[in-house]
Every structure is written in structure tokens, then in C-alpha cells.
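The values are calculated or read from the model by the stated rules, or taken from the named source; none is laboratory data. As the structure is a computational prediction, the values presented were derived from the model and not from experiment. With ideal geometry, Cβ positions are generated from the backbone for all residues, glycine too; neighbour counts draw on all protein chains shown. Protein only, heavy atoms only, side chains kept; ligands, DNA and RNA dropped before computing areas. Shrake-Rupley method; radii C 1.70, N 1.55, O 1.52, S 1.80 Å.
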Amino acid sequence: MKKQKIYSIERKQARWGFVFTIPCLVFFAVFSFYPIIYAFLTSFTNRQAIGRNHSFTGLENYIYIFTKNNGGFPLSNSIRATIIFTLGTFIPMIVVSLVVAAFLMQLRKDRYRGFFQLMYYMPAVLSSVVAAAIWMIIFDPRGLMNQISNFVMRTSGVDYNWLVDPVMLQVSTMIIYFWKYIGYFVILFITGLASIPPTIYEAATVDGSSRWHTFWKITLPLLKPTTAMVSIMAMLQCLKTFSTQFMLYQGGSPRAPIDVITMNIYFTGIRNGRLGRASAMSIVLFVIMLFFTYLQLVANRSSEDVEY
């Protein structure tokens, strides 16, 4: 009788817990699941922004976006531009943010640590439009980046075409994105490092472990959950990039080298009014994001199994 009473109380608590989560589930379904489902259905139609008449076209939109787009840029070019930008930004961002976080945790005085945390995090507060506008001035032919480049390369008056040359333009977008979001991921890594018990480091010091050995054998393994979370967040953030590339294009830069998938979606759906084709592109981007997220989760689990 006592067990039955306990079971009924637990069941009642679980029921009320589910009731309190219903508003969140409804909100998430309306603003997340419904747009995804609607975009998936729209991708199989010839729906346009102007006009209500549309019909089912099957895979026609998917075939079209991979062969020829309205603006002359097929989706394959956008996928290539997105992957180049993601790899060029994601890997340095993870490595540098981890190194900076480890350095800040070594500071003995908390006020110094707080100052550097604030300094690194300040660019993340700015909007992407403002950050791109600031760096467009820096990348100007008479701007600071050309002066630094001439000093490092020991040249004089050379314009490195940061906003014109295809390769330099891609590097410019990576630098802007890196500068803006590095502080955000540094804070996340600092949070993960702060959660590691100090007694573990004290025991390692007593055993004669060096700082380098402690970092590789203790800090990194214990930081894997944080690293996995930061990696997924950073990669998704890079795959969804839009404002930086769009601002540079509006400033006169060529579109092809920085025509990421999100910008192609904008031009196809908003500028040209082809909602069906834009929805097909968004579904392709959604699948790519799911694929890379799955790869990261599998890699993280496999590394944990090997260590175990």
C-alpha cells in the first residue's frame, strides 16, 4: 500500500511537470517545427512571393538550384563558399578560444581576469552589421590592415585588395567573424575550466606533473563536454553566417567568393521572389547542419569510448 502511494505521488508530480512544459513545447513547435515543415513542403512547389497560385513540382527546385540559379550562382558555389568559410573560421576559433581561456585562468588576480574577459567579450555585443562596417574601414586601401601588411611584408604603398581579391575577401570575412565571436567562446571555455575541481590539479602537482602534461592529460579530457558544446555552437554559427558577407557585398565586394548559402537564399527568395527555390536551399542548409552536428557527436562519443 505504501509503495502504491509513493508511485501515485511520483506519477502526479510527473503529470504536473509535463503540464508546466506544455507552453514551452507549444511555443517551440509554432516557431521552430512549423517553419521547418512549411519550408519542406514549399520546396516541392513553384511558390512565388507575389501571387497565390502555385503547384506541386516535385524535385524540380532541387535540380534547378544545383545547376543554375537566378543570379547566375548555383548552389554548389554557395556550398563551397560556406564550407571554406566554416573551416577557415571554425578551427582557429576553437583552438584560439581554448588557449586564451586557459591563459586567463592562469591569472592570479581576479580583477585582471575580469578585465580581459570583458575586453574579449565586447565585440560579441556588437551587431554583425556594425562589426562589418568597422572592418570595412580597416580593410580600406588606406586603412590599418594595409599598413600592417606593408610593415610585415616590408613593402611600401601596396594595396592587398582585402575587399576585392577573391582569396583576400574570403580571409577578410573570416577575420571579421573571428574577431566578433572569439570572446563569446572564450567565456564558455572559462566556464568549463572553472567547473574542474582544483583538487585534481593539486594532486597532479604533488605527483610531479608538469603544466603541459596536466593540460593534455587532465584538462582536455575533463573539458570534452564543453569542447563538444562549443564546437557544435561554433560550427552552426559559421554555417548560418549572412550579415558579414552581405555587408561586404553591399560595399562593392564581388559576390561569388562570399556567396554563402544564406545569402543565396536571401537573393533567391527576397530579391527574386522564388520562395520555392529558396525553401529548397534552406532545406539543403538544414541537412548540412544536421550532418555536421551528427559527425561531431559521433566523434565525441567514439573518443570517450576509446579512453574508457
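Dipole magnitude of the chain about its Cα centre, charges +1 at Lys/Arg Cβ and -1 at Asp/Glu Cβ only, in debye to the nearest 20? Mind dumping the intermediate values first?
Details: 26 positive and 12 negative charges, 201 e Å.
Roughly 960 debye, rounded to the nearest 20.
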Which residue, Val19, Pro225, Tyr266, has the largest displacement toward the positive end of the dipole of the chain when charges sit on each Cβ (Lys, Arg +1; Asp, Glu -1)? Val19
Kindly provide log₁₀ I(q)/I(0) values, in the same order as q = 0.14, 0.15, 0.21 Å⁻¹, from the Debye equation applied to equal alpha-carbon scatterers of segment 31-176. -0.99, -1.05, -1.30
Ratio of segment 159-308's C-alpha Rg to 2.2 N^0.38 Å, to two decimals? 1.41
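Dipole of segment 166-258, Cα-centred, from +1 at each Lys and Arg C-beta and -1 at each Asp and Glu C-beta, to the nearest 20 debye?
Values: 6 positive and 2 negative charges, 61 e Å.
That gives segment 166-258 a dipole magnitude of about 300 debye.
Could you rank Thr21, Thr86 by how accessible they are, 1.4 Å probe, largest area first?
Numbers: Thr21 60, Thr86 10 Å².
Accessible-area ranking of Thr21, Thr86, largest first: Thr21, Thr86.
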Size of charge dipole - segment 73-223 - debye, nearest 20, with Cβ of Lys, Arg +1 and Asp, Glu -1, no other charges: 240 debye
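Which whole-number percent gives the relative contact order of the chain, counting Cα pairs below 8 Å spaced six or more residues apart? Intermediate values should be presented prior to the final figure.
Working: 308 pairs, mean separation 91.5, N = 308.
Over the chain, the number comes to 30 percent.
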Report the one residue of Ser243, Ser282, Gln170 whose Cα lies farthest in the direction of the positive end of the charge dipole of the chain (charges on C-beta: Lys and Arg +1, Asp and Glu -1; origin at the Cα centre). Ser282
Can you sort Arg80, Arg113 by solvent-accessible area, 1.4 Å probe, largest first? Arg80, Arg113
With the chain treated as a Gaussian network of Cα nodes joined by springs under 10 Å, which of Met289, Met93, Met105 yields the largest mean-square fluctuation? Met105
Whole angstrom only: what separates the Cα centroid of segment 159-226 from the Cα centroid of segment 261-302? 27 Å
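Counting only protein heavy atoms and a 1.4 Å probe, tell me what percentage of the chain's accessible area is made up of carbon and sulfur. Spell out each step's value before the answer.
Working: 13040 of 19050 Å².
Within the chain, the accessible surface is 68 percent carbon and sulfur.
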Rh_Kirkwood(the chain) over Cα pairs, Å, one decimal, evaluates to 23.1 Å
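Can you give the accessible area per residue of the chain, in Å², using a 1.4 Å probe?
Values: 19050 Å² over 308 residues.
Ligands and nucleic acids excluded, the result is 62 Å² per residue.
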Of Lys12/Lys224; Lys180/Lys217; Lys180/Lys224, which sit over 26 Å apart, Cα to Cα? Lys12/Lys224; Lys180/Lys217
Most fluctuating residue of Thr82, Thr205, Thr67 in a GNM of the chain with Cα springs under 10 Å: which is it? Thr205
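Considering only protein heavy atoms, with the full assembly of protein chains and a 1.4 angstrom probe, order Phe286, Phe44, Phe20 by accessible area, largest first. It would help to have the intermediate numbers written out before the result.
Numbers: Phe286 80, Phe44 40, Phe20 150 Å².
Largest accessible area first, the list is Phe20, Phe286, Phe44.
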